[in-house]
Each structure stands twice: as C-alpha cells, then as structure tokens.
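Taking it in order: structure first as structure tokens, then the write-up.
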Amino acid sequence: MLLIEKLVKSYPGQHGQDAMLALRDISFKVEEGSFFTLLGPSGCGKTTTLQCIAGLEHPDTGLIQMGGKTMFSSRENLIVPANRRELGMVFQSYAVWPHMTVFENVAFPLVYGIKRAPTQEMRTRVLKALEMVELGQFADRPAPLLSGGQQQRVALARALVHAPRLLLLDEPLSNLDAKLRDTMRTEIRNLVKSLGITTIFVTHDQVEAVSMSDQILLMRAGKIVQQGSPRDIYLSPNSVFTADFMGRSNLITGVLDRSGETARAHTALGPISGVAGPALKPGASVVVVVRPQGIRIASTSESSGLNCFKARVQNMNFLGDVVEMQVDIQGSKLTLMLNPYTAISVGQELTLEFPPERCVIVPSEVPSSCGPLK
Amino acid sequence: MNGPTVTSNGRPGTGLDQQKLVQSLLLVVVSVLVLGPVLVLIRTSLAPSEAMPFETLDFTLKHYAQLLQSPRTISLMWNTVVYALSSMTIGVAIATAIAWCTERTDMPGRTIVRILMFAWMMVPALVIGFGWILLLNPGNGALNVLFRELFGYLQPILTIYSFWSLIIITSFAVVPTGFVMISGLLRNMDPNLELAARVHGGSSWATLTRVTLPVLTPGLFSIGIYMFMAVVQAFDLPLIIGLSADVPVLSTRVYLLSSPDNGLPNYGLAASFGVLLLVLAAGLMWAYMRAIRLGERFRVVTGKAYRPKRITLGLWRFAAIGFTFSYCAAMMLPLLILLWVSLLPHYSTPSLSAFGGLSFDTYRRLLTNPMISRAIGNTIILVISSATIVMLISCLIGWFTVRSNSRAGKILDALSFLPMAIPPIVLVLAILLLYLNTPLYGTIWILVLGHMTIYISFGVRTMSSALIQLHKELGDAALISGASWLTSLQKVTFPLVWPQILNGWLWVFAHSARDLTVPLMLMTTSNIVAASTLWNLWQFPDLPGAAALAMLLMTALLAVVVPSQLYVSSRLER
Ligand SMILES: Nc1ncnc2c1ncn2[C@@H]1O[C@H](COP(=O)(O)OP(=O)(O)O)[C@@H](O)[C@H]1O
Ligand SMILES: [Mg+2]
C-alpha cells in the first residue's frame, strides 16, 4: 500500500547553524489494512517522516508510492501536493478549526476537497462519520466548546469522512489525560480495523505502540533501528537501544564466544547461552539482554544447570500487581519481576535460571547520534 | 558533506503552482512599489537638472556637491535633529508619566484617559496644528486676544510661529502613540520586581526611580528611537508651523524644492536631499532594530496575565490628575476652537456676543460645493482601496514570511520592510518622478499607490505577528482535507486572524485619511481628497470652511474607527 524508499530529509540550519539531517535513509513498506506505528524518542524524525508522507514537507531525495502511484520521487522530479494525495490526518494539536461548528469541520473535506460530494450525500456522510465517533448529537456545537477528547474525535471524523487511502495519526493521544488515553487507544484501533483502512500511527510511547500496532518501526536519530511485530520487537530486540526503549531489561556486557542460534557469551556472571543475530562473530563485544520477567527461580537442585546462577536477594519492592526484586549475582545487580504471591525474603540465597531462548545477545552500542550535518 | 545534496525548497512539481504564481506576483508588485521609486530617486539625484531622469544617460554629482557645500545644509540637519530630539524627549516624558499613572496607580478617571488617547491617535496632526494656529497666532490668536483683554498686554504673550511652539505642539501630537506603546510596555512588566522593592523597604519614589525606570529603560529607549524616527519623517506640522516660523527641516526642504511657490521644481536637488533624509532614516531604523534586539535580551516579561497591585497615590493624586488634565485640556483646546470657528460665517475670536451667530451654514455650504463632494468621494475611494489592497497584499506576504522558508519568502519580507526606513516625503517625491509622465499621474490611483507603499510594512508586520501565533497545523489540516492552498487560506487561515486583519485595515484606513504628504505632493485638480482640500481652504484662506471640513473628517474617522476597534478588542480578549 505504502512504499517508502531511501528517504533523506534535511532542514536548513537556522540562525547560522548547520543544516540538520532529520531523516537519513529511511525505507519501509506498509501492507494494505495494517496498523503501522512509527515509534521512537522525541526528535528522532517520526513527525518528519509522517509529514513527508502527507506532502506537508518534501524530502531531499527518495521515493514515496501509495497504492502503486508515485507521490514523490526525487529521480523523476515529481511531487504530488498534499491536497491531491487523498489522505486523512489527525494532528497532535487536533487542529480542529475554532471558527466552525463540529459539522462544518467534518464537512470540510467533502465541501472543499477534491472528492466533493453533493449536498445531500455530504450531509449523510458527515452525520455517519459523527455517529462513528459518537458525536452525533454535537453536530451544531461550535468547535471551541468541546473538551479535548471530543475535539480529538472531531479530528478523527474529519480525517475519515472522505474515505482516504491512508490515515495518518501524529501522537493523537499525547494530549489526553491518562484514563481517556486508555479508552481511546482501543477505540481508535477498533475503529480503523473495522473500516479496514491502512493507518500510520506516530508515538513515543512504547506501551501505546505495542498495544495498538500490527507492525512497529522503531526509529532513532533519523534512522530505522528495527522493524517487526510488537512481539518480535519486545522479545527479540536487535540492539541495546531497542531493548532499553521497549521496557526494562537486564543488560549484561560480555564477549561473544560462539555465534548463531545457540550462541554463548562470556560475562562477569560466567558463560551465558542465548540467541544471537547472524551478523555477530565470535570475539565481538556484546550485551546479553534478559527481561526481568524472563528469569526463573530454579529449585536448588538445578544449581549446576545451563544458565543457572546463585543469587542473593537484596531488595523487594511490592508494587501491587508485581513484585520487583533486586538480586546480586557475583557483584552484578539484576532486576526480576515476580508474581505478587511469591514468598521470598530479603537476604535469601536463590538459584536463578535464565532460559537460553530468553537471553538475546546483541552487539554493544555503536555510538550514533542525531546532530548537525557535516 | 557526504550525504545527499540539499536541494532548494522550490522544486518544480505539479500543483505548487498556485503558491508559486502568487509568490511571483507579490514579488513583482512589491518590487515595483518599493524598489522602483528608490532607484528613480537615486537616479534623479545623479542626473543633470536640465533633463528628466529617464531622458538622459549622463551622471553628475553636481547636486551632492551643491548640497554639501551649502552652509544651509548644516543648519537644516541641525534643525531636523534638534526638532526631532526635543519633540521626542518631551513627548516620551509626558507619555511615560500619563501611562504610569493609568497603568500603575489608582488615579481616578483612568479609563477615560485611555479612551481619549486612542481617539486622539486618529486625529490628524494637521487638524491639531490648525487649531493651535487659531489659538496662538500673534495677530488674532484666541488665547492671545484673551490675555490682551484680561491683562492689557500689548505684545502677544505666546506665538505659534517659533521653533519652541513647533516642538511643543509636535510633542503633544506624538504623546497618544507614545502612550499606547508605553502602557503596553508597563502592562508586560513583571510586577513582582516592584513588589520585591517595596517589601524590602523601598519607598514609592525609590521604587519608581531605582526599579521601575531602570527595568523599563531598554523598552523606553527603543520607543524613543521610534518616535525620533517618526518626527524626522514628519511633514505636516513642519509645513504649516515651521515654514512660517522660518524653521525649515529636511522634509519641508524636499517639498519646497519639488513644489516651489514660484519657479521650476529642482528635482535633482530635491532628490539628493531625499537621499540624505533616506540615509538618516535608515540609520535610525538600524539603531531601532538594534535597540529592540538588546531590549529582548533584558526582557523581564512574564507573559502571563496578572492583576498588578496599583500604587495608592494619596494626596499625590491631585498632582497626577492635574498633570493629566492639563495635557487633555491642551489637546481639547485646538479642537474646540476649530469647532467654534466652523460654526461662524466669518472668523472671529470666541466671545459671548458671537454666540448668537452660531449656525451650521458653513457645513451646509461645504456639503453643497461640488469640489468638496468630489474630494469626499475621492477620499472614500482612497481610504477604502488603500486599506483593502494593503491588507490583502499583507496577508499573503505575511503568510510567506511566516510559513515559507524559501529565499523568495525572505526577499518579500525584506522588501516589504524597506518602506519603514523611507520617509514618506521622499517616497512621494520618488513616486512623482516615476509616474509624472504616465496616465496614472493626476488620478486618485496614484495616491492609492503611494499609501500602499507607505503602509505595507505596517500591514505585513501586523499580519506576520498574527500568523506566527496561529498553529501551523490548522492550515495543514485544510490541505490534507484536499483543499487547494488558496482555499485553505480563504476558509481557514485568514478567517482565524480576522480581528488582526480588521485592526490593520482600520489603522491603514485612518492613516490614509489623515495623511497630507501624499495628496499634497501629488495634487492635481482631479485627485483632491479631504486632507489636500483642507490645506487648500486654509491657504485660500477660508478658515470656517477649513475648520468645518476638519471637524467632518475627524468625526467620520472617529465614528468608523473607535466603535470597530472597541468591538475588535472585546473579541480579542475573549
Ligand atoms: N521545521 C523544522 N526546521 C528545522 N528543524 C526541524 C524542523 N522540524 C523538525 N526539525 C528537527 O528535525 C528533527 C526531527 O524532528 P521531528 O520529526 O519533529 O521529531 P519527532 O516527531 O520524532 O519528535 C528534530 O531534531 C527537530 O529539531
Ligand atoms: Mg513529533
């Protein structure tokens, strides 16, 4: 549905500063009907990518195709302007027009857009869109008299009313309070899934990304770090950055001893077996990533098994739905998440098992940063 | 750089056409408006006086030599600087005192003072000048006559025709503008600074001199430079008072050289004086920009809305009221005498015996005069077209300066700012030289052209500061919805800043109506407007007629501008 190839985008330097490379070689593909998320820390280029897709910014080089039609190509010197790309977009600020009523806001694409509808049809489609976001009874209300959550629904209805090819959402949930955010998360996903519309969603919140997406593209400093399903990205990170960004993890540095599916790394704890990517060669300095939920408490008899280590409990933190436990293994500190019924006390000696399929061996960080273009 | 080549923003493509087209059009219009006159001015100052600038290829520095060798040039410069500096200092001092009283103290009558100040900004300086002449001329000025009768003085005690009178009247005339700027400054100042000084035991006076004034200094300084610049460029008061007082300044010199009472105009010399004035004004502009930038660095503005605690004046309030009232009286007097004169068939000083003869005959006479009707019609065309065209162009240029970071956007920004540094009298001289032999000359449209050029920098500034506060995504949302660029502007962007557009429109409207420089320099029998007719009646002399026309002009202006502005500001505050 959407094909992005080798996008590069720089912003001219302001106030005498150097030009700024916001996107460096971004390529990806989005399947028809998929809920696709651009995830990454603030400033990594998510909005810029989305704006390039929307046609509000133009890349320096690269190719953007939608449904087989070229929207931007630096090679062919072709730009389809934003208003001819037939998209729907919800902006971070919602951009609901305050001088219009709810109805006029939602009707705008059908009245002034390229896919105009005759008055009668326009009315029914607008009202249907408003019903869809449960704002049917608010049609005649002036837009400034709506709450934040309602404004967002208006923006959503406006983005969907003209049946766009692609729905773009730029951090739509970040201005809502926590509770509303949770309900809108499911509502948005259910809505776009029921319409079957391809959606590109931008967020910096990994919980949102994991709970809503079919595919996640993790970005950092204008580059793609990893692409995959939420499960892939969470359970098989390809870098320290991904592991760290997607949630808490124990990072144990070491040197790779054996590569491949049954890899082994030498660490301060001793040898750890795990899964390593094919690119890693023995001798490389690596980090073993183990999620706090991935560590098992083994019976004392297993103390000599594969990936089994003796540990002393240093701290227990009862958080309600989980218990956070800090342990010490030969001077290294690790964190575990346990179920709250576990009965363990501080100072106790335990044997911990790191199941090898839960130990992901990734290269230790190559320094790369977003910065001025030289 | 080993990355990709950074191409310019404006890559050719389908559909950027609308923007491109409008942008090129604006570039052409603004260049013709602004660059054309400046180039012609410089060319004329370098051309021999025997020929029109376009008809010769010769270059000569003769005019500059004449200008530099003449001892009068020094005295002209001296007059101009003394005039501007004194008027500015007195004006800013009065404005600061009144603004402080209305913004910071519990002086009674603050709202009335504020409303009066806004209203006076609309009153043409020309009208105030005429009023003062009627009050203070040495022969039969009303105040002089009054004093003579009361105290038996034979000599007039005050005369309008002196350098000091010119300075004082000019400074009174700039106070309202200064007041509006300074009260804005005071309103943005953090009251906690003052409060802190009070808490630590400072008296009111010490707080004022040690804290309030120093904190305000950068802001006051840039306002001072702005006022100085305004007075250097001023033309009407130096014309009606300064020339009789034998105090020529640069602006009146340019006028006399290009429209002498007898003899041929010396455009070459006029143009070289114009260039001199241009350089002076541009230097001031530069200083002003520097001062603003420095001021930003010292800024102590909270930006939050707050209710400052007002200082209790106690017995001092009588001094404050006395001072403010004196100023207000000094502003009312010239208007009252004009009203008086306009109600009499022949000029006579105010007295009880003349009361019986008051009538509206003069007004009736004016309104049935075909010349006057034509002038009024022309004025309406002039002010409405100038205000509308200026704001239309300004909205579009404002959009480009804020939203587009292309080179063309920057050029538009710079070009539209340039007229700020060109004194109107110089600009009109240049327009005269440029269009003298075209059919445009002698029509009302050449006046529109002049006002467009003069007021476009104000319009663009107004619109770019309005648009910069508007979230970019509002316009983007319209584009994404499929609307064309112009539709997005028309349906979303501009409707959202309409109060600022209307405010700018009113400002240009009022300034276009009160301006004398352009109509006078470009006057023919067919393009007279209210301001130039006023001047003609005064010169004729038909004092009751002039006074009645002045009252009509003023009433019309106030009736349009004040209610609309009150409406706009109530909408803006919501
Ligand atoms: N209009 C702009 N001009 C200059 N730099 C910009 C502009 N927009 C974004 N940037 C820079 O580009 C980088 C990426 O920005 P953005 O795409 O907005 O990040 P994100 O949405 O991921 O937080 C940032 O470093 C930002 O400072
Ligand atoms: Mg962003």
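The values are calculated or read from the model by the stated rules, or taken from the named source; none is laboratory data. Keep in mind that this is a model prediction, so the values were computed, not measured. Using ideal geometry, Cβ is built from the backbone for each residue, glycine included, and neighbour counts are taken over all protein chains shown.
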Worksheet, complete the sentence: Within segment A:194-222, residues within 16 Å of ligand 2 (Cβ to nearest atom) and outside any loop (DSSP other than H, G, I, E, B) come out as A:200, A:201, A:202, A:203, A:206, A:208, A:209, A:217, A:218, A:219, A:220
Practice prompt. Say whether the condition of being within 25 Å of the chain's Cα centre (by Cα), polar (S, T, N, Q) and more than 9 Å from chain B (Cβ to nearest Cβ) is met by at least one residue in segment A:89-112.
Written response: no
Response to the item:
Filtering segment B:479-497 down to residues that are free of Cβ contacts under 8 Å to residues at least 60 places away in the same chain, more than 7 Å from chain A (Cβ to nearest Cβ) and either closer than 18 Å to residue A:90 by Cα or in contact with a strand residue (DSSP E or B) (Cβ under 6 Å, 6 or more places away or on another chain) (or both) yields B:488
Worksheet item: Do we have any residue at all in segment A:155-163 that's closer than 20 Å to residue A:33 by Cβ, small (Gly, Ala, Ser) and out of contact with any Leu (no Cβ under 8 Å at 6 or more places or on another chain)?
Response: yes
Fill in: residue B:59, sole failed condition from (1) in contact (Cβ under 8 Å) with a residue 60 or more places away in the chain; (2) within 19 Å of residue B:268 (Cα to Cα)
(1)
Discussion item. Going through B:538, B:505 one at a time, which residue ends up being under 30 Å from residue B:17 (Cα atoms), modelled with pLDDT of 90 or more and more than 14 Å from chain A (Cβ to nearest Cβ)?
Written reply: B:505
Worksheet item: Hey, any hits in segment A:271-292 for a residue that's under 31 Å from the mean Cα position of the chain (by Cα), assigned to a loop (DSSP other than H, G, I, E, B), at pLDDT 90 or above and in the same structural domain as residue A:349 (by TED's automatic domain parsing)?
Response: yes
Worksheet item: Given the structure, is residue A:202 within 10 Å of the chain's Cα centre (by Cα) and within 14 Å of chain B (Cβ to nearest Cβ)?
Response: yes
Discussion item. For a quick check of your reading of the model, give me the residue pairs whose first member lies in segment A:242-266 and is without any contact (Cβ under 8 Å) to a residue 24 or more places away in the chain, whose second is of a type in the set (Ser, Thr, Tyr), with beta-carbon atoms closer than 6 Å and at least 6 apart or on different chains.
Written reply: A:264/A:273
Worksheet item: Would it be correct to say that residue A:226 is without any contact (Cβ under 8 Å) to a residue 60 or more places away in the chain and away from ligand 2 (no atom under 16 Å from the Cβ)?
Response: yes
Practice prompt. Among the numbered conditions (1) more than 23 Å from the chain's Cα centre (by Cα); (2) crowded, with 19+ Cβ neighbours inside 10 Å, tell me where residue B:394 comes up short.
Written response: (1)
Item to complete: Please specify each residue of segment B:90-101 satisfying the condition of being surrounded by fewer than 21 Cβ atoms within 10 Å (Cβ to Cβ) and touching a residue at least 40 places away in the same chain (Cβ under 8 Å).
Response: B:90, B:97, B:100
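Checking the structure you have, find out if any residue of segment A:77-89 is assigned to a strand (DSSP E or B) and free of Cβ contacts under 8 Å to residues at least 24 places away in the same chain.
So far as segment A:77-89 goes, yes, one or more of its residues are assigned to a strand (DSSP E or B) and free of Cβ contacts under 8 Å to residues at least 24 places away in the same chain.
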Fill in: Top-ranked residue of segment B:536-555 - restricted to ones that are free of Cβ contacts under 8 Å to residues at least 24 places away in the same chain and assigned to a helix (DSSP H, G or I), ranked as nearest to residue B:525 (Cα to Cα)
B:536
Discussion item. Can you confirm whether residue A:82 is crowded, with 22+ Cβ neighbours inside 10 Å, farther than 24 Å from residue A:148 by Cα and within 7 Å of chain B (Cβ to nearest Cβ)?
Written reply: yes
Response to the item:
Picked from segment A:10-65 (must be basic (Lys, Arg) and either more than 10 Å from chain B (Cβ to nearest Cβ) or within 15 Å of ligand 2 (Cβ to nearest atom) (or both)), the residue farthest from residue A:201 (Cα to Cα) is A:29
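Filter segment A:107-121 down to the residues that are part of a helix (DSSP H, G or I) and farther than 19 Å from residue B:490 by Cβ and list them by number.
A:119, A:120, A:121, listed by residue number.
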Worksheet item: residue A:212: away from ligand 1 (no atom under 16 Å from the Cβ), more than 14 Å from chain B (Cβ to nearest Cβ) and at pLDDT 90 or above, yes or no?
Response: yes
Practice prompt. Out of A:42, A:27, A:73, A:34, report the one residue that is near ligand 1 (Cβ under 9 Å from one of its atoms), surrounded by fewer than 24 Cβ atoms within 10 Å (Cβ to Cβ) and at negative phi.
Written response: A:42
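Mind telling me which of the residues B:105, B:111, B:170 ends up being among the polar types (S, T, N, Q) and either in contact with a helix residue (DSSP H, G or I) (Cβ under 6 Å, 6 or more places away or on another chain) or crowded, with 21+ Cβ neighbours inside 10 Å (or both)?
When all the criteria are applied, what remains is B:170.
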Fill in: Meets criteria (part of a helix (DSSP H, G or I), surrounded by 21 or more Cβ atoms within 10 Å (Cβ to Cβ) and touching a helix residue (DSSP H, G or I) at 6+ places or on another chain (Cβ under 8 Å)) for residue B:431
yes
Fill in: Options A:267, A:242, A:183; residue that is modelled with pLDDT of 90 or more and either within 16 Å of ligand 1 (Cβ to nearest atom) or out of contact with any Cys (no Cβ under 6 Å at 6 or more places or on another chain) (or both)
A:242
Worksheet item: When both residues are 6+ apart or on different chains and their Cβ atoms are under 8 Å apart, which pairs have a first residue that lies in segment A:158-181 and is of a type in the set (A, V, I, L, M, F, W, C), and a second that is part of a loop (DSSP other than H, G, I, E, B) and modelled with pLDDT under 90?
Response: A:163/A:115; A:166/A:1
